[in-house]
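Asker: For reference, the structure I am asking about is given below.
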Amino acid sequence: MFSKETYISRRTELKRLVGKGLIILFGNNESPCNYPANSYYPFRQDSSFLYYFGQKRDGLVGVIDIDNDCETLIGDDIDIEDIVWYGSVDSVKDLAAQVGIQHSAPMSQLKALCDQARAAGRTIHFLPPYRHDIKIQLMDLLGIHPSQQKQAASMTLINAVVKMRSKKEPQEIEALERAAVIGYQMHTTAMRIARAGVTEKYVGGQVDGIALSLGAMPSFATIFSQHGEIMHGNPSLAVLEDGRLALCDCGAETIDHYCSDNTRTFPVSGHFTQRQAEIYSIVEACHDYVLEVARPGVKYMDVHFAVCRMMTDRLKELGLMRGDTEEAVRAGAHAMFLPHGLGHMMGLDVHDMENLDQINVGFDAETRPRLDQFGTNALRMGRRLEEGFVVTDEPGIYFIPALIDDWRASGHCKEFLNFDLLETYKDFGGIRIEDDVLITADGCRFIGKDRIPYHPKDIEEYIETHRP
């Protein structure tokens with residue numbers, strides 16, 4: 001948790017941006033895994049609640065009455081039966097004081113606060129809920145059916161939260177740097193222990209253990225697979241094989257809940273084949289190009305499509321694509337190889353604020369994505385970059401057998417794609433390189449003190465010198 005003054009300042013700015021009304025920010029409750037007493041572990045607080053109220057305990061709600069300049073932390077104190085099992089915890093009053101709030105109240109009073117505001121015709125601002133228990137609670141409080149709550153959520157509040165959380169404070173950047181240190185250890189562990197005969201599950205488990213053992217947690221479900229063409233290929237019991245590529249996409253979440261997110265692709269054997277090196281070099285060039293052009297004022301959508309053009313040009317050199325580059329990208333032919341966006345926001349969430357709708361977070365009126373085009377409809381970030389943004393830089397090239405078959409059968413983009421040659425890459429897998437990038441005053445830089453090896457020679461040298 002940051003200083004008390006941090007949370008006071010954030011809530012003051014939130015009140016200024018929203019202007020009037022009653023703001024309700026729900027913290028999360030424990031979520032049962034398979035029966036009530038066996039909750040998913042560890043407990044994860046809602047990120048916007050963390051940002052403005054700082055407290056990690058379950059069962060809390062923050063209420064900000066802008067018109068009367070009154071802030072209240074709502075929640076029930078832990079009773080003696082829970083203390084027997086989990087130990088003593090601070091009272092809700094003490095939790096409130098720790099973050100500069102003078103008032104606290106039991107959960108039973110939340111309904112009365114909402115009823116009074118509704119009776120007075122005041123606006124009640126809330127964010128779109130994503131957990132079903134909160135949706136039910138919101139329905140009981142405001143009478144809004146869960147199916148209507150996303151539409152009823154306050155755009156004024158959403159825009160204010162996005163505006164504030166998008167630009168990272170120095171202390172947040174420091175927290176992201178700490179997450180990157182753990183992420184470095186996770187990825188280099190995968191490179192050290194992955195070898196023919198070991199299962200994907202074993203490597204994935206060891207990677208997750210690094211995060212947990214360092215007082216953190218994985219920032220998302222670790223992806224580790226020889227099938228890199230599967231975007232979210234979680235570890236299976238498949239045995240690693242020489243000649244294959246392993247894709248590792250993982251990150252750490254610190255005790256303060258700031259995240260890292262990196263991807264590395266490396267040969268199981270420790271050495272790239274010629275064909276692997278050819279494709280890898282294209283992804284590597286696209287990844288490094290972002291560092292040259294990403295800066296304040298530049299639209300990340302423009303960076304994305306510049307990468308797509310670079311990728312298309314290089315794939316044409318290998319004979320996998322053909323025709324005019326601009327026309328190919330305009331038609332979406334590049335999405336055969338890159339069906340996702342170049343990156344997303346990073347922060348308290350690994351896809352920062354995605355629960356507020358990615359359109360609200362990653363785009364604005366001048367950068368709305370083409371939702372009707374495959375690949376482009378998966379962009380998560382397109383708006384103009386600003387100093388203090390943290391975004392991912394994650395180009396990739398994937399050879400997806402089912403997609404190759406589907407486009408070939410329909411003739412989609414056939415003027416730009418060499419389907420005969422694509423057939424010979426169906427067993428290739430996929431390659432992605434991902435790093436977290438901080439937008440600075442005059443450019444950008446990677447987050448993280450140590451660079452996880454990603455240049456081919458560095459990967460091969462690291463594996464050769466660190467595998468037992």
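Asker: Expected output is a single nm value to one decimal: the length gained when fully extending between residue 111 and residue 148, i.e. 0.36 nm times separation in residues minus the C-alpha distance. What is it?
Answerer: 11.4 nm
Asker: Let me ask you something else. For region 295-306, in order, what is each residue's ³J(HN,Hα) by Karplus, 6.51 cos²θ - 1.76 cosθ + 1.60 with θ = phi - 60°, in whole Hz (x at glycine and Pro)?
Answerer: 6, x, x, 8, 6, 5, 5, 5, 5, 4, 6, 5
Asker: Let me ask something additional. Can you list residues from other chains, or at least 5 along the same chain, whose modelled amide H is less than 5 Å from the amide H of residue 244?
Answerer: Placed amide hydrogens put 268, 269 under 5 Å from residue 244.
Asker: Continuing with this model, one more query. What is the ratio of the Cα radius of gyration of region 81-134 to 2.2 N^0.38 Å, with N the residue count, to two decimals?
Answerer: 1.52
Asker: Each residue of region 328-336 in turn: what ³J(HN,Hα) in whole Hz from Karplus with 6.51, -1.76, 1.60 and θ = phi - 60°, glycine and Pro shown as x?
Answerer: For region 328-336, the Karplus-derived couplings read 4, 5, 4, 7, x, 5, 5, 5, 4 Hz, x marking Gly and Pro.
Asker: I would also like to ask the following. Compute the accessible area per residue over region 346-394, keeping the other protein chains in place, probe 1.4 Å, unit Å².
Answerer: I get 37 Å² per residue for this part.
Asker: Could you tell me the convex hull volume per residue, in Å³, taken over the Cα atoms of region 309-468?
Answerer: 172
Asker: Mind computing the radius of gyration and Dmax over the alpha-carbon atoms of region 190-293? Å is fine for both.
Answerer: For region 190-293, the Cα-based Rg and Dmax read 14.5, 43 Å.
Asker: Report the Rg/Rh value for region 363-426, based on alpha-carbon coordinates and the Kirkwood definition of Rh.
Answerer: 1.10
Asker: Which length gain, in nm to one decimal place, applies between residue 387 and residue 467 when the Cα-Cα distance is subtracted from 0.36 nm times their residue separation?
Answerer: So the chain would gain 24.8 nm between residue 387 and residue 467.
Asker: Based only on Cα atoms, what mean projected area does the convex hull of region 407-468 have, in nm²?
Answerer: 8.4
Asker: Can you list, largest first and rounded to whole Å, the semi-axes you get for region 8-81 by taking the square root of 5 times each eigenvalue of its Cα gyration tensor?
Answerer: So the equivalent ellipsoid measures 28, 13, 9 Å along its semi-axes.
Asker: Taking a cut-off of 14 Å, what percent of all Cα-Cα pairs in region 274-327 are separated by more than that?
Answerer: When every Cα pair of region 274-327 is considered, 56 percent fall beyond 14 Å.
Asker: Follow-up. With the contact rule set at Cα under 8 Å and sequence spacing of 6 or more, what percent relative contact order holds for the chain?
Answerer: Over the chain, the number comes to 14 percent.
Asker: Can you give me the solvent accessible area of residue 440 with a 1.4 Å probe, rounded to the nearest 10 Å²?
Answerer: Accessible area, nearest 10 Å²: 30 Å².
Asker: Ranking request for peptides 51-63, 108-120, 389-401: highest mean number of other beta-carbon atoms within 10 Å first, then the rest in descending order.
Answerer: 389-401, 51-63, 108-120
Asker: If you take every residue apart from residue 330 with its C-beta less than 13 Å away from the C-beta of residue 330, what net charge results, scoring Lys and Arg +1 and Asp and Glu -1?
Answerer: In short, -2.
Asker: 222 nm [θ] for the chain, helices only, -39500 (n - 2.57) per DSSP H run of 4+, per residue, to 500?
Answerer: The per-residue figure over the chain is -12500 deg cm²/dmol.
Asker: For residue 458 paired with residue 39, estimate the spin-label separation in nm (one decimal), with each label point 7 Å from Cα along the Cα-to-Cβ line.
Answerer: 4.1
Asker: What's the long-distance tail for region 144-215, i.e. % of Cα pairs beyond 14 Å?
Answerer: 73
Asker: OK, next. Could you tell me whether region 251-359 comes out rounded, prolate or oblate from its Cα gyration tensor? Rule is a ≥ b ≥ c as square roots of the eigenvalues, rounded for a/c under 1.5, then prolate if a/b exceeds b/c, otherwise oblate.
Answerer: oblate
Asker: Additional query: What are the principal axis extents of the Cα atoms in region 95-194, in Å, biggest first?
Answerer: Principal axes ranked by extent give 62, 34, 27 Å for the Cα atoms.
Asker: Another question, if that's okay. If packing is taken as the mean number of other Cβ atoms within 10 Å per residue, what is the order of 225-231, 444-450, highest first?
Answerer: Ranking, from highest mean packing down: 225-231, 444-450.
Asker: Of all accessible surface on the chain at a 1.4 Å probe, what whole percent is carbon and sulfur?
Answerer: Carbon-and-sulfur percentage of accessible area, whole number: 52.
Asker: Mind checking which lysines have their C-alpha under 24 Å from residue 168, skipping anything on the same chain fewer than 8 residues away?
Answerer: Residue 168 reaches 4, 15, 56, 299, 449.
Asker: Order 125, 145, most accessible first, counting only protein heavy atoms with a 1.4 angstrom probe.
Answerer: Final ranking, largest accessible area leading: 145, 125.
Asker: A follow-up question, please. According to a simple spin-label model (label point 7 Å from Cα along Cα-to-Cβ), what is the distance in nm between residue 86 and residue 122?
Answerer: Each label point is offset 7 Å from its Cα along the Cβ direction, giving 3.0 nm.
Asker: Now, a different point. Order 287-293, 254-260 from most to least packed using the mean count of other Cβ atoms within 10 Å.
Answerer: 254-260, 287-293
Asker: If you consider only alpha-carbon coordinates, what radius of gyration and Dmax does the chain have, in Å?
Answerer: In Å, with Rg to one decimal and Dmax whole: 24.0, 72.
Asker: Accessible area of residue 372, 1.4 Å probe, to the nearest 10 Å²?
Answerer: The accessible area of residue 372 comes to roughly 120 Å².
Asker: A further question follows. Taking the DSSP beta bridges in region 59-143 as the whole, what percent of them are antiparallel, to the nearest 5?
Answerer: Antiparallel bridges make up about 60 percent of those DSSP assigns within region 59-143.
Asker: Scale the Cα Rg of region 129-179 by the rule-of-thumb value 2.2 N^0.38 Å and send over the ratio, two decimals.
Answerer: Cα-based Rg divided by the globular estimate yields 1.59.
Asker: OK, next. Given 37 °C and 0.692 mPa s, compute D for region 3-147 with the Stokes-Einstein relation, Rh being the Kirkwood radius over Cα pairs; round to the nearest whole µm²/s.
Answerer: Reported coefficient: 205 µm²/s.
Asker: Using every alpha carbon pair in region 1-46, what percent of pairs falls into each 5 Å bin from 0 up to the bin containing the largest distance?
Answerer: Result returned by the calculation: 5, 17, 14, 18, 13, 11, 11, 8, 2.
Asker: If you project the alpha carbons of region 253-302 onto the principal axes, what extent comes out on each, in Å, largest first?
Answerer: Over region 253-302, Cα extents along the principal axes are 38, 34, 14 Å.
The values are calculated or read from the model by the stated rules, or taken from the named source; none is laboratory data. As the structure is a prediction and not an experimental result, all values here were calculated from the model. Reconstructed Cβ throughout: ideal geometry from the backbone, glycine too, with neighbour counts over all protein chains shown. Surface areas here come from the heavy atoms of the whole protein model, side chains and all, with no ligands, DNA or RNA. Shrake-Rupley method; radii C 1.70, N 1.55, O 1.52, S 1.80 Å.
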